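The values are calculated or read from the model by the stated rules, or taken from the named source; none is laboratory data. Keep in mind that this is a model prediction, so the values were computed, not measured. We place every Cβ from the backbone using ideal geometry, glycine too, and count neighbours over all the protein chains shown. Just so you know, the surface numbers come from the protein's heavy atoms only, side chains and all, with ligands and any DNA or RNA stripped out. Shrake-Rupley method; radii C 1.70, N 1.55, O 1.52, S 1.80 Å.
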Amino acid sequence: MELSYWEKEKLMDPNKILIIGSGITGLTTAIFIKKLNPVQEVLILERGQLPLGASTKNAGFACFGSVSELLDDLKRAHPEQVEALIKLRYQGLQKLLTLVDPEEIDYEQEGGYEIFLKGDERLFDKCLNKLDLCNEMAYQATGIADVYKVRHENYNMLRTTLPGIYNAHEAKLNPVLLMKALTKNAIGAGVDILYNTRITKVNAEEKKVETSLSVSIPYKKLALCTNGFTPEILPGLDVVPARNQVIITSSIENLDLPGCYHYNRGYVYFREYNGRVLIGGGRDKDLAGETTSEFGLTELIRSYLESFLNENILFGQRYTIDHRWSGIMGVGASREPLIRDLGNNVFAGVRLGGMGIAIGSEIGNKLANMVV
């Protein structure tokens with residue numbers, strides 16, 4: 001495609017801050033840069049027609065970790081580090097709600113439940129024994145007492161005789177409406193977004209990127225907000241892609257499933273959406289196979305999610321699977337996000353660990369301050 005004089009003049013401005021990735025982190029980074037310096041030119045490059053990774057493909061959970069997830073974190077980090085992660089997730093959600101109207105994104109704070117099924121007695125006992133520790137970490141991070149509470153009701157339709165652990169501060173939202181609102185905010189602040197533009201090479205020495213437009217785009221500073229796709233652009237960082245698969249059912253008569261639900265250290269999650277059951281995860285059933293940046297659906301994960309749905313939520317009710325999809329997250333050896341000055345005016349805000357809704361805005365804020 002031949003660029004016009006006007007298009008090329010705009011792209012060739014070397015004084016702009018260039019952001020790669022128009023997901024939650026990329027958009028909020030751009031918004032906060034504009035808040036810090038309204039006259040600074042900011043251009044976002046996005047290789048998809050929509051944000052390609054998980055920002056519009058997640059399940060719409062605004063959460064900051066179930067108790068079993070926190071215990072998993074404690075195996076790899078000190079309590080102070082886990083507390084810092086909770087704080088980042090909580091502050092990120094607060095930051096997000098300063099940028100968008102909750103009603104505009106279908107934000108509903110109905111709470112979150114961690115459930116335990118038959119055979120999970122040992123895990124439940126571990127969570128119960130560490131409940132005070134998790135509540136203390138959550139209090140230090142959020143200022144809220146008794147975030148996690150044992151609840152004994154049978155969770156409406158769910159087949160479980162064990163108590164669950166309830167967190168009143170979790171919420172759900174519509175991820176596409178969220179991205180629409182953030183995009184509107186960014187464009188209103190004067191941010192330019194160029195879609196369908198793939199980065200083929202970063203030339204940090206010459207401060208330019210090679211693109212699928214067959215032109216080299218110069219920049220003053222470059223911010224990578226590419227999460228799971230980061231290794232394709234800049235290998236060597238502790239970031240690997242992780243695919244998550246999601247399915248959603250047809251309408252279920254008399255479905256009563258308020259709130260958000262987590263199971264098995266957060267590897268399974270489900271909720272109601274418009275009278276349907278949305279369920280995703282199961283990545284732990286094939287960690288090697290799901291460590292990929294390729295979108296796709298597999299029989300193994302599909303079968304596991306549908307079995308879970310039949311045996312623990314819908315109990316043989318008639319339904320169809322109306323839609324399936326997948327998203328790509330970024331994970332690593334550490335659960336902490338990677339927010340770093342990489343040198344040569346290149347910065348990164350990646351490795352969101354499946355908590356993009358919760359932490360993306362705060363990472364964008366921190367990255368913008370670092371870049372500016």
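Scan the range 354-372 residue by residue and report those that are within 11 Å of the chain's Cα centre (by Cα) and either assigned to a loop (DSSP other than H, G, I, E, B) or of a type outside the set (A, V, I, L, M) (or both). Answer for the range 354-372, where residues must be within 11 Å of the chain's Cα centre (by Cα) and either assigned to a loop (DSSP other than H, G, I, E, B) or of a type outside the set (A, V, I, L, M) (or both): 354, 355, 356, 360, 361.
Taking the criterion of being part of a loop (DSSP other than H, G, I, E, B) and open to solvent by 20 Å² or more (accessible area, probe 1.4 Å), the residues of the range 101-130 that qualify are 101, 106, 107, 109, 110, 118, 119, 120, 130.
Please find, among 282, 228, the residue that is within 17 Å of the chain's Cα centre (by Cα) and under 23 Å from residue 120 (Cβ atoms).
282
Kindly indicate whether any position in the range 136-155 is open to solvent by 70 Å² or more (accessible area, probe 1.4 Å), touching a residue at least 60 places away in the same chain (Cβ under 8 Å) and basic (Lys, Arg). No: zero hits.
Highlighted here are the strands (runs of 3 or more DSSP E) found entirely within the range 239-351 that include at least 2 residues which are under 30 Å from residue 207 (Cα atoms) and either β-branched (Val, Ile, Thr) or out of contact with any His (no Cβ under 6 Å at 6 or more places or on another chain) (or both): 240-249, 321-331, 338-343, 346-350. Considering each residue of the range 1-50, count those that are touching a strand residue (DSSP E or B) at 6+ places or on another chain (Cβ under 8 Å), of a type in the set (D, E, K, R) and over 26 Å from residue 353 (Cα atoms), and give that number. Residues that pass the stated criteria total 5.
Residue 62 falls short on exactly one of the conditions (1) over 29 Å from residue 276 (Cβ atoms); (2) open to solvent by less than 20 Å² (accessible area, probe 1.4 Å), and that condition is (1). Among the conditions (1) open to solvent by less than 10 Å² (accessible area, probe 1.4 Å); (2) in contact with a strand residue (DSSP E or B) (Cβ under 6 Å, 6 or more places away or on another chain); (3) outside any helix (DSSP H, G or I), residue 166 misses just one, which is (1).
Residues in the range 179-197 include at least one that is closer than 30 Å to residue 278 by Cβ, open to solvent by 30 Å² or more (accessible area, probe 1.4 Å) and in a loop (DSSP other than H, G, I, E, B). Filter the range 65-88 for residues that are open to solvent by 10 Å² or more (accessible area, probe 1.4 Å), in contact (Cβ under 8 Å) with a residue 60 or more places away in the chain and in a helix (DSSP H, G or I) and give the result. 69, 71, 72, 81, 84, 85, 88, listed by residue number. Selection over the range 1-46 of residues that are β-branched (Val, Ile, Thr) and outside any helix (DSSP H, G or I) gives a count of 6.
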